[in-house]
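Participant: I'd like to ask some things about the structure below.
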Amino acid sequence: MKINKESLLTFLMYNKPIPYNKSITLTPVTMNDVISFHFLSKSIIVRKNSTFHDKKIIKMSYLEFLFYSFGNQELEEGYKIVGLSQYLFYFIELIKLCCKDAEIRFGNQFGSLYINNFLITPEVFDDLRRIIIIQNDIDFDIDEFINYETEQRLLKAQKEQNKNNDKSDIEDYVDSLIIALNTTEEHVMNMTIRKFWRYIKRYQLHERYTIAKTGECSGMVTYKEPIRHWMISLEEDDKYGYLKTDENELREKIG
């Protein structure tokens, strides 16, 4: 099922469940389940085609890869991805979190999976994966390719750059948003994960804008670039843009 952009934006903006078909409807996860969601969502954001060197794995669909990895301790240990051998189970639990009425079963044929008696083909799996990623604001694009070693070096450099910054965990962010919005913990915890992080980012923009504008109006501070307004788009520049290629290009190269 393909959802047009306008309909998708409406679903996202109003935190509405997204109907994939008559059998499967995906509901945005709230902050009440953010810890579980963060843990389970690791199952759908493995950079399969850049992490693994085996051509056989690269040629697999993501669903086939999860079945191949299930119980495969050798693969998990060889690539040092903790929990990889259980990622298929993680995905099943993730679906239960996102689709409250999901009844999941395996078919007689190895690699076959059903949700509410609907067969999950590799194409359907990728559709569901995309919706979960977009609906819950996961910073991941299943179509892009980043060299694994290069990405790890960049993340390490970014970690070094940020190590002197004040550290905040999810509880700190929850507390901060409660104070910023002058609201209750119950209200914040019932927000969808996507909306929660949008409010955090928007509030940060508002604070930076207010401080910068106050300094500019005082006449004691000047800026080389115009001050970005706090109501601008929250979409950021792609920090890995120059390293990425489309997955279709990669598949063409490996045959």
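The values are calculated or read from the model by the stated rules, or taken from the named source; none is laboratory data. The model shown is predicted, which means the values in this text are computed figures rather than measured ones. Here the Cβ is made from the backbone with ideal geometry for all residues, glycine too, and neighbour counts use every protein chain on show. With ligands, DNA and RNA removed, areas are computed over all heavy atoms of the protein, side chains included. Shrake-Rupley method; radii C 1.70, N 1.55, O 1.52, S 1.80 Å.
Participant: Quick one: would you say SER36 is open to solvent by 30 Å² or more (accessible area, probe 1.4 Å) and not hydrophobic (A, V, I, L, M, F, W, C)? I'd like the intermediate steps shown before the answer.
Facilitator: On the way: open to solvent by 30 Å² or more (accessible area, probe 1.4 Å): yes; not hydrophobic (A, V, I, L, M, F, W, C): yes.
Here the answer is yes, as SER36 does meet what is asked.
Participant: Collect the residues in the stretch 143-163 that are assigned to a helix (DSSP H, G or I), among the acidic types (Asp, Glu), in contact (Cβ under 8 Å) with a residue 60 or more places away in the chain and open to solvent by 40 Å² or more (accessible area, probe 1.4 Å), keeping them in residue-number order. Full working, then the answer.
Facilitator: Taking the stretch 143-163 and keeping what is assigned to a helix (DSSP H, G or I), we get 148-162.
Cutting the leftovers down to among the acidic types (Asp, Glu) gives us 149, 151, 160.
Now restrict to residues that are in contact (Cβ under 8 Å) with a residue 60 or more places away in the chain: 151.
Residues satisfying the conditions do not exist here.
Participant: Also, I was wondering about something else. What's the total number of residues in the stretch 76-119 that are of a type in the set (Lys, Arg) and in contact (Cβ under 8 Å) with a residue 60 or more places away in the chain? Show your work before the answer.
Facilitator: Pass one, the stretch 76-119, residues of a type in the set (Lys, Arg): 80, 96, 100, 105.
Subsequent filtering for residues that are in contact (Cβ under 8 Å) with a residue 60 or more places away in the chain retains 100.
Count: 1.
Participant: Given the structure, is PHE140 assigned to a loop (DSSP other than H, G, I, E, B) and aromatic (Phe, Trp, Tyr)? Reasoning before the result, please.
Facilitator: Numbers: assigned to a loop (DSSP other than H, G, I, E, B): yes; aromatic (Phe, Trp, Tyr): yes.
Criteria met by PHE140.
Participant: Another one. Conditions first: (1) buried (at least 17 other Cβ atoms within 10 Å of the Cβ); (2) closer than 21 Å to GLU123 by Cα. LYS55 passes all but one, so which condition is the exception?
Facilitator: (1)
Participant: Next question, about the same structure. Can you tell which of LEU63, LEU88 is within 21 Å of PHE145 (Cβ to Cβ), at pLDDT 95 or above and of a type in the set (A, V, I, L, M, F, W, C)?
Facilitator: Numbers: LEU88 fails: within 21 Å of PHE145 (Cβ to Cβ).
Within the list LEU63, LEU88, the selection yields LEU63.
Participant: Out of the stretch 1-47, which residues are closer than 30 Å to GLU76 by Cα, part of a helix (DSSP H, G or I) and charged (D, E, K, R)?
Facilitator: ASP33, LYS42
Participant: Looking at LEU113, LEU84, which one is surrounded by 18 or more Cβ atoms within 10 Å (Cβ to Cβ), among the aliphatic types (A, V, I, L, M) and either touching a Cys at 6+ places or on another chain (Cβ under 9 Å) or more than 30 Å from THR10 (Cβ to Cβ) (or both)?
Facilitator: Numbers: LEU113 fails: either touching a Cys at 6+ places or on another chain (Cβ under 9 Å) or more than 30 Å from THR10 (Cβ to Cβ) (or both).
After applying the criteria, what remains is LEU84.
Participant: I would also like to ask the following. Taking GLN204 as the residue in question, decide whether it is open to solvent by less than 100 Å² (accessible area, probe 1.4 Å) and at pLDDT below 80.
Facilitator: Details: open to solvent by less than 100 Å² (accessible area, probe 1.4 Å): yes; at pLDDT below 80: no.
Judged against the criteria, GLN204 is not a match.
Participant: Check LYS42, LYS16, LYS22 and return the single one that is basic (Lys, Arg) and closer than 29 Å to GLN152 by Cβ.
Facilitator: Numbers: LYS16 fails: closer than 29 Å to GLN152 by Cβ; LYS22 fails: closer than 29 Å to GLN152 by Cβ.
After applying the criteria, what remains is LYS42.
Participant: In addition: For the structure I just gave you, tell me whether LYS244 is basic (Lys, Arg) and either at pLDDT 90 or above or surrounded by 10 or more Cβ atoms within 10 Å (Cβ to Cβ) (or both). Even if it seems obvious, please write down each step before you answer.
Facilitator: Details: basic (Lys, Arg): yes; either at pLDDT 90 or above or surrounded by 10 or more Cβ atoms within 10 Å (Cβ to Cβ) (or both): yes.
Here the answer is yes, as LYS244 does meet what is asked.
Participant: Let me ask you something else. Restricting attention to the stretch 123-142, which residues are farther than 22 Å from HIS53 by Cβ and open to solvent by less than 30 Å² (accessible area, probe 1.4 Å)?
Facilitator: Within the stretch 123-142, VAL124, PHE125, ASP127, LEU128, ARG129, ILE131, ILE132, ILE133, GLN135, ASN136 meet the criteria.
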